[in-house]
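The values are calculated or read from the model by the stated rules, or taken from the named source; none is laboratory data. This structure is a prediction, so every number in the text was calculated from the model and none was measured. Positions of Cβ are generated from backbone atoms using ideal geometry, with glycine treated the same way; all protein chains shown enter the neighbour counts. These area figures cover heavy atoms from the full protein model, side chains too; ligands, DNA and RNA do not enter into them. Shrake-Rupley method; radii C 1.70, N 1.55, O 1.52, S 1.80 Å.
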Amino acid sequence: MLAVLTAVGAVVFGSFVAAPVTGADPVPAPRPMADELVGWATVNEWGQNGTTGGAGGQTVDVDTPAEFLSAIANTSPLVIRVNGMLSLPGPMHDVTSNKTIVGVGSGSGITGGGLNIGLPLSDDITSPPANAVKNVIIRNMNFNDWEDDAINVQMFSHHVWIDHNRWTTGGDGGVDIKRGSSYITVSWNHADGTDKNMLLGHDDDNAAQDVGRLRVTYHHNFFDGTSQRNPRVRFGDPVHVYNNYYLDTDDYGVASTENAGVLVEGNHFENVEDPYHLGEGDSGNGRLVARNNCFVNSEQGETGGSVGNPPYAYTLDPACDVKSIVQAGAGTGKVSQQPGPDPTDPSAEGLVGWATQAGGTTGGEGGQVVDVDTESEFLDVVESDTRQVIRVTGTIGIDGMVEVGSNKTIVGVGANSGFSGGGLTVENGVSNVIIQNLNFRGSDDDGVNVEEEAHHVWIDHNDISGTSDGTIDIKRAADYITVSWNHTHGQTKDMLLGHSDGNGSQDRGHLRVTYHHNWYDGTAERHPRVRFGNPVHVFNNYVANADYGVASTVEAGVLVENNYFENVTRPLAVGVFESDPGSLVHRGNVFVNSGAPEQAGTVNSIPYAYSLDPGADVKSVVMAGAGTGKI
């Protein structure tokens, strides 16, 4: 094995010395994190300052081909989160401007078709048109079995970032960039076994569109057994190829043709017979400067001419470290956050009720974003107190009740993610937790349990059924909690508030909870059943087909307003079973085919602002909005 790290300013391999780079010295910069944008896509040109994709626009979750194709055609800024592998018809599908397309977890993407970023082909257009497609980010996506290209960028499209994707084999190229497109960064991708990998420049006769354009940065990509075009370049100048790892390239690595100017630096070549050369096929020579590359069991490359330095800041990793860096960081499932405002970091916007009081509830907002799709991944992160947004993809089987640490947002991706077999418990003083958009199925205890002085918890837009005990039980001095927009069904016991009649010494002065816009769908009792908490606020819920609705017992004070009760034998109960009566005040409720409501005593005042939907509208409002897949 032979490893050679070349000196700064020239490449030395045997008797070969590369020509120097012309222009100013490279701009120093701190080493970027693997999820930071670097390179040509950061440059302020053509009326676009950098590349932000759909940042600031609506976030859309898609898990069907029809949803995906509708979203990428939408003309508004969007962050499009792709959940699972989507089978698209071939060949190519147009992406409009101002889009971020991001896969969820490590296994999402598309198969069968490819993505086209660009206007229809026209040889008559020789300068960037005002309506060129721009500002597109494609991240964390898998591509395979495409009919044409996996990704094609054409017709003066600009400011595009293609990052942390993985592609295998298809009909033509992995990522082709051509016909005047420019200001593009291709980074941290894993190209696995692709033949024609990356083409830059349409053909030798396309100078009218391409000269002075095709400015692209390729960095930290893993070219893993890719035969050729890593990249093949025409006309672009300067094109920057740095800190990539080339393994088992059986034809060639980089080709500079048709007077292109390519800077190849800090790359690691292993088992590559022809790392880089001038000219290719019938194409004339370009210019290529190489420096600071590492060669392992690889031959020397061919260089010639001079190339200007790129205008942006960047930092080189040592070339002989690039193998380990790129293998660890390239491909899907390796990014923790999305560019711009994070599309899956639910803020407390929309939070109403007790969880807003005494400092409020923000969960993991502002912390690291972690994607999980296995039990072990989930357990590794959920119990710490590190501020995190944990995104759950798919149904994860868990055993028993899993403890949740403070400062967490646990959010399901799409409408079908969540847990089976067990539930979540927030206890022992843990605080600032959001549990949102999750399905809970078949827990051997509760769906969610909050107890032992846990506080500031928001349980929102979940779907819970088939638990052995309650859906959401809150007890033992837990406090400052909002339970909203959940759909519960398929069991007898629903929501308990207060452990037992004899627990007053711990519970008095606590158990302050708001329940609003929940759909209690055929669950027999506890909507909720309340002990000691005062005031407990129950508003705008829909209770259907139950033995009893809300029960106030043992020193509790419950305000029940503008709810919709349908087919409920005892909609409002003062005292139930062996528990003594509490206080209950009701107003504005609707009772359809239900028994007479009960009322007793007075209730402490509610300290927060809130708006009431009319009671008559609550059934339709809640049925449309409660449960998963609605945020």
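Quick one: the Cα spread of the range 96-162 along its three principal axes, in angstroms, biggest first?
So the extents along the principal axes, rounded to whole Å, are 40, 24, 13.
Send over a whole-number figure in Å² for the accessible area per residue of the range 49-329, probe 1.4 Å.
Result: 29 Å² per residue.
Read phi for every residue in the range 574-586 and hand back ³J(HN,Hα) as whole Hz from Karplus 6.51 cos²θ - 1.76 cosθ + 1.60, θ = phi - 60°, with x for Gly and Pro.
9, x, 8, 6, 8, 7, 5, x, x, 9, 8, 10, 10
For HIS586, what accessible area in Å² do you get when you roll a 1.4 Å probe over the heavy atoms of the protein chains, rounding to the nearest 10?
Estimated to the nearest 10 Å², HIS586 gives 50 Å².
With each pseudo-label sitting 7 Å past Cα toward Cβ, what's the GLU299-GLN368 distance in nm, one decimal?
About 4.5 nm separates the two model spin labels.
Using 7 Å Cα-to-Cβ label points, what is the THR126/SER106 separation (nm, one decimal)?
For THR126 paired with SER106, the spin-label model returns 5.0 nm.
Please compare each pair in LYS334/LYS630; LYS323/LYS408; LYS99/LYS178; LYS134/LYS178 to a cut-off of 23 Å on the Cα-Cα distance and tell me which ones are over it. Could you put the intermediate results ahead of the total?
Details: LYS334/LYS630 28 Å; LYS323/LYS408 35 Å; LYS99/LYS178 20 Å; LYS134/LYS178 14 Å.
Going by Cα-Cα distance, LYS334/LYS630; LYS323/LYS408 fall outside the 23 Å limit.
At a 1.4 Å probe radius, which order do GLU67, GLU453 fall into by accessible area, largest first?
Final ranking, largest accessible area leading: GLU453, GLU67.
Explain nothing, just compute: Karplus ³J(HN,Hα) = 6.51 cos²θ - 1.76 cosθ + 1.60, θ = phi - 60°, for every residue of the range 395-404 in order, whole Hz, x for Gly and Pro.
Taking θ as phi minus 60°, the curve returns 9, 9, x, 10, 9, x, 9, 8, 6, 9 Hz for the range 395-404.
Once both labels are modelled 7 Å past Cα along the beta-carbon direction, what's the THR75-SER324 spacing in nm?
5.2 nm
Counting only the heavy atoms of the protein chains, how much of GLU555 is accessible to a 1.4 Å probe, in Å² to the nearest 10?
Number for this one is 100 Å².
Can you work out the PRE-style zone for GLU566? Point 7 Å along Cα to Cβ, and I want the residues of the range 586-602 with backbone N under 19 Å.
Correct set: 588-597.
TRP519: accessible area at probe 1.4 Å, nearest 10 Å²?
The value for TRP519 is about 40 Å².
Gap in Å between the Cα centre of the range 552-614 and the Cα centre of the range 146-192?
The range 146-192 and the range 552-614 have Cα centres separated by 60 Å.
With viscosity set to 0.692 mPa s at 37 °C, what whole-number translational diffusion coefficient in µm²/s follows for the range 49-329 from Stokes-Einstein and a Kirkwood radius over Cα pairs?
177 µm²/s
What is the dipole size for the chain, taken about its Cα centre, with +1 at each Lys and Arg Cβ and -1 at each Asp and Glu Cβ, in debye to the nearest 20?
1420 debye
Just the Kirkwood number for the range 365-625, please: inverse of mean 1/r across all distinct Cα pairs, in Å, one decimal.
Details: mean 1/r = 0.0553 Å⁻¹.
Computed over Cα pairs of the range 365-625, the Kirkwood hydrodynamic radius comes out at 18.1 Å.
Take the Cα atoms of the range 496-630, build their convex hull, and give its volume per residue in Å³.
Residue-normalised Cα hull volume stands at 105 Å³.
Tell me the label only: which of [x] 1.08; [y] 1.11; [z] 0.94 is Rg/Rh (Cα atoms, Kirkwood Rh) as calculated from this structure?
The value matching this structure is [y].
Of VAL381, TYR218, GLY364, which is farthest on the positive side of the dipole of the chain, counting Cα position, with +1 on Lys and Arg Cβ, -1 on Asp and Glu Cβ, and the Cα centre as origin?
Farthest towards the positive pole: GLY364.
Antiparallel versus total DSSP beta bridges in the range 365-625: what percent is that, nearest 5?
So the antiparallel bridges in the range 365-625 amount to around 5 percent.
Quote the charge dipole size of the range 555-609 about the Cα centre in Debye, to the nearest 20; the model charges only the Cβ of Lys and Arg (+1) and of Asp and Glu (-1). Write out the running numbers ahead of the final one.
Details: 2 positive and 6 negative charges, 38 e Å.
That gives a dipole near 180 debye.
Report the antiparallel proportion of the DSSP beta bridges in the range 508-631 as a percent, rounded to a multiple of 5. Spell out each step's value before the answer.
Numbers: 3 of 32 bridges.
Taking every DSSP beta bridge within the range 508-631, about 10 percent pair in antiparallel fashion.
Can you tell me how much longer the chain between SER500 and ILE631 gets when fully stretched, taken as 0.36 nm per residue apart minus their C-alpha distance, in nm with one decimal?
Result: 43.7 nm gained on full extension.
Starting from the residue with the highest accessible area, list TYR480, TYR515 in decreasing order, probe 1.4 Å.
Highest to lowest solvent-accessible surface, that is TYR480, TYR515.
Kindly provide the helix-only [θ] at 222 nm of the chain, computed as the sum of -39,500 (n - 2.57) over DSSP H runs of four or more divided by all residues, to the nearest 500 deg cm²/dmol?
Here the helix-only value at 222 nm equals -1500 deg cm²/dmol.
Find the centroid of the Cα atoms in the range 104-121 and in the range 472-519, then give the distance between the two in whole Å.
That distance is 46 Å.
Where the centroid of each part is defined by its Cα atoms, how far is the range 414-469 from the range 251-293 in Å?
Computed from Cα coordinates, the inter-centre distance equals 56 Å.
Nearest 20 debye, what's the magnitude of the dipole of the range 365-625 about its Cα centre given +1 on Lys and Arg Cβ and -1 on Asp and Glu Cβ?
About 820 debye.
Which one, GLY422, GLY498, ASN541, projects farthest toward the positive side of the charge dipole computed for the range 365-625 from Cβ point charges (K/R +1, D/E -1)?
The Cα lying farthest towards the positive end belongs to ASN541.
Run down the lysines and flag those whose C-alpha is under 22 Å from the C-alpha of LYS493, throwing out any fewer than 8 positions away in its chain.
LYS475, LYS619
Compute the signed sum of charges (Lys and Arg +1, Asp and Glu -1) over the other residues within less than 12 Å, Cβ to Cβ, of ASP463.
0
Over the range 365-625, with the other protein chains present, what is the accessible area per residue in square angstrom, probe 1.4 angstrom? Mind showing how you got there, number by number?
Details: 8480 Å² over 261 residues.
About 33 Å² of surface per residue is accessible.
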